[in-house]
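Q: Just dropping this structure here.
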Amino acid sequence: MKTYFDHERLNAYQVSLAFNKWVGEFLSATDAKAAAKDQIDRAAISIPLNIAEGNGKFSKRDRARFFDIARGSALESAAALDVLVSRQLLTEEQIAPAKEQLLQIVNMLIGLLKSLGYAFDCGTPIIREEPDFRVDSEQEQEQEKE
């Protein structure tokens, strides 16, 4: 494929296109209705679009913002795959290659963010649940608002 724009040279962009191909094949092969199908379609499309838009920005801050949005869309895509498995529309074996692609995309986007000067605390887990330290009265007030 001939390269016209700088973002086309990025490996993260190319892998995100491959992931979008996988998503397109899955969507065309299944007739089941599930909100997660629509969500994975939107999230998958968001990945290369945000990579391209971010790569076209001049300021490091703007570039990083779009790369981080693309990273978030890749994580959202992974969660949507998990939902499709939990709904028994796909199996773990079917989504394994797609999850590998998403892992590659996330790692490459973190590399791009690091190259822009954004540091990550490698000693702290990225995913963790924080305990809820609010007192009971605060929780009750919040529940009343809902």
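The values are calculated or read from the model by the stated rules, or taken from the named source; none is laboratory data. Worth saying up front: this structure is predicted, and the values here are computed from it rather than measured. Note that each Cβ is placed from the backbone with ideal geometry, even for glycine, and that neighbours are counted across all protein chains shown.
Q: Which condition breaks for Asp38 when tested against (1) farther than 18 Å from Leu112 by Cβ; (2) not aliphatic (A, V, I, L, M); (3) not in a helix (DSSP H, G or I)?
A: Condition not satisfied by Asp38: (3).
Q: Also: Looking only at region 9-30, how many residues end up being in contact (Cβ under 8 Å) with a residue 40 or more places away in the chain and outside any loop (DSSP other than H, G, I, E, B)?
A: Adding up the residues that qualify gives 10.
Q: Moving on to the next point. Kindly establish whether Ala32 is surrounded by 13 or more Cβ atoms within 10 Å (Cβ to Cβ), aliphatic (A, V, I, L, M) and more than 13 Å from Gln101 (Cβ to Cβ).
A: Against the criterion (surrounded by 13 or more Cβ atoms within 10 Å (Cβ to Cβ), aliphatic (A, V, I, L, M) and more than 13 Å from Gln101 (Cβ to Cβ)), Ala32 does not qualify.
Q: Give Leu90, Leu112, Leu103 a once-over and let me know the one that is farther than 24 Å from Tyr4 by Cβ, more than 12 Å from the chain's Cα centre (by Cα) and either modelled with pLDDT of 65 or more or surrounded by fewer than 16 Cβ atoms within 10 Å (Cβ to Cβ) (or both). Talk me through it step by step, then tell me what you get.
A: Working: Leu112 fails: farther than 24 Å from Tyr4 by Cβ; Leu103 fails: more than 12 Å from the chain's Cα centre (by Cα).
Just one listed residue meets the conditions, Leu90.
Q: Quick test for you: out of Ala43, Ala78, pick the one residue that is in contact with an Asp or Glu (Cβ under 6 Å, 6 or more places away or on another chain) and either more than 20 Å from Leu17 (Cα to Cα) or without any contact (Cβ under 8 Å) to a residue 60 or more places away in the chain (or both).
A: Just one listed residue meets the conditions, Ala43.
Residue-wise test of (1) of a type in the set (S, T, N, Q); (2) more than 18 Å from Leu102 (Cα to Cα); (3) more than 12 Å from the chain's Cα centre (by Cα).
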position	(1), (2), (3)
Leu10	no, no, yes
Leu17	no, no, yes
Phe26	no, no, yes
Ala36	no, no, yes
Arg42	no, no, no
Glu53	no, yes, yes
Lys57	no, yes, yes
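Q: Identify, by number, the condition in (1) at pLDDT 85 or above; (2) more than 20 Å from Ala18 (Cβ to Cβ); (3) part of a loop (DSSP other than H, G, I, E, B) that Val85 doesn't meet.
A: That leaves (3) as the condition not met.
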